[in-house]
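Taking it in order: structure first as C-alpha cells, then the write-up.
The values are calculated or read from the model by the stated rules, or taken from the named source; none is laboratory data. Owing to the predicted nature of the structure, the values given are computational and were not obtained by experimental measurement. Quick reminder, even Gly has a Cβ in these numbers, built from the backbone with ideal geometry, and neighbours come from all protein chains shown. Note: accessible area is taken over every heavy atom of the protein model, side chains too, but ligands, DNA and RNA are not part of it. Shrake-Rupley method; radii C 1.70, N 1.55, O 1.52, S 1.80 Å.
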Amino acid sequence: KEIENSGVKVYIKGEQKTNAQIQKDIFVSLLFTLFGILIVLTCLFNSILLSLFALSVIPLSILGVLLGHKIMGMDISFSSLLGFVGLIGIVMNDTLIMLGMIKRSKSLNELLQNASLRVRPILLTSITTVIGLSTLIFFASGESLLMQPLAVSIGFGLIYATIINLFYLPILYSYKRY
C-alpha cells in the first residue's frame, strides 16, 4: 500500500508476507526433519514399519499442543511452532526408549512386562520436564511472555505424547506382532 502526502512516499507492507514465508520455511524444515528421523529410525530398527510406528506419535502429539493452547487461551504463534519442533526431539527420545524395549518381546506377556519396565523412566523424564516448564507456562510475565507459547507447546504436547507412548505404542506393536 502506498501513501502519498506532500511528496513523501511511505510503504506499508505489514507482516503477512513475512509470516507466510516463515510458515513455509518451518513446514519445509519439518518435512526434512521427519524424513531424516525416518532414515535414522529405519537404520536403527531395520524396519520401515517400526519407524512409521515411531513417527506416528509426532502428529498425535499435535493434539496435546492444540489442547494446551486452548486451555491457556492462547493462539498458535511462531514461538508455539518452535516449541513443537523442540517437542519432536523429546517425544522421539521417549518413543525410542519404549520401542527399543518392546521390540525384544517374544510373546504378548513379555511385551506387557517390557512395556511396564519403561513406564518409570518415561514418566520421570516427562514429569521433570513439565515441572521445569510449569513456571513459564503458568506464571510468565514481562519478557518471558514471549516464550510462554513455546513452553505451552512443549509442556502440554509432552503430557499428551507421554500417554501416547505408554499406551498407544505397545498396543499398536502388539497388533503388528501377535
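Each row is one residue, and each column tells you yes or no for (1) out of contact with any Pro (no Cβ under 8 Å at 6 or more places or on another chain); (2) among the small types (Gly, Ala, Ser); (3) farther than 14 Å from residue 72 by Cβ; (4) open to solvent by 20 Å² or more (accessible area, probe 1.4 Å).
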site: 137; (1), (2), (3), (4): yes, no, no, no
site: 150; (1), (2), (3), (4): yes, no, no, yes
site: 163; (1), (2), (3), (4): yes, no, yes, yes
site: 169; (1), (2), (3), (4): yes, no, yes, no
*Pick from segment 1-58, criterion part of a helix (DSSP H, G or I), more than 25 Å from residue 154 (Cβ to Cβ) and among the polar types (S, T, N, Q), ranking: modelled with the highest pLDDT*: 42
*Can you tell me which residues in segment 73-96 are surrounded by fewer than 17 Cβ atoms within 10 Å (Cβ to Cβ), outside any loop (DSSP other than H, G, I, E, B) and of a type outside the set (Gly, Ala, Ser)?*
78, 82, 85, 93, 96
_Residue that is nearest to residue 97 (Cα to Cα), among those in segment 118-160 that are small (Gly, Ala, Ser) and in contact with a helix residue (DSSP H, G or I) (Cβ under 8 Å, 6 or more places away or on another chain)_ = 126
*Residues of segment 104-128 being crowded, with 17+ Cβ neighbours inside 10 Å and in a helix (DSSP H, G or I), which ones?*
111, 114, 115, 122, 126
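Is it the case that residue 154 is open to solvent by 40 Å² or more (accessible area, probe 1.4 Å) and closer than 14 Å to residue 64 by Cβ? Outline the logic, then answer.
On the way: open to solvent by 40 Å² or more (accessible area, probe 1.4 Å): no; closer than 14 Å to residue 64 by Cβ: yes.
So residue 154 does not fit the description; no.
Quick grid of which residues meet (1) out of contact with any helix residue (DSSP H, G or I) (no Cβ under 8 Å at 6 or more places or on another chain); (2) of a type in the set (S, T, N, Q):
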position: 40; (1), (2): yes, no
position: 48; (1), (2): no, no
position: 61; (1), (2): no, yes
position: 80; (1), (2): no, yes
position: 97; (1), (2): no, no
position: 100; (1), (2): yes, no
position: 103; (1), (2): no, no
position: 116; (1), (2): yes, yes
*Pick from segment 35-54 the residues that are open to solvent by 50 Å² or more (accessible area, probe 1.4 Å) and under 16 Å from the mean Cα position of the chain (by Cα): which of them is nearest to residue 82 (Cα to Cα)?*
35
*What are the residue pairs meeting all of these: first residue in segment 113-133, first residue farther than 13 Å from residue 91 by Cα, second residue exposed (fewer than 13 other Cβ atoms within 10 Å of the Cβ), Cβ atoms under 7 Å, and 6 or more apart or on different chains?*
114/104
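Any residue at all in segment 145-152 that's farther than 30 Å from residue 47 by Cβ, in a loop (DSSP other than H, G, I, E, B) and modelled with pLDDT of 90 or more? Show your work before the answer.
Kept after step one, since they are farther than 30 Å from residue 47 by Cβ, are these residues of segment 145-152: 145-152.
Next cut, in a loop (DSSP other than H, G, I, E, B) only: 147.
From the residues that got through so far, the ones that are modelled with pLDDT of 90 or more too are 147.
Yes, there is a match, as at least one residue in segment 145-152 is farther than 30 Å from residue 47 by Cβ, in a loop (DSSP other than H, G, I, E, B) and modelled with pLDDT of 90 or more.
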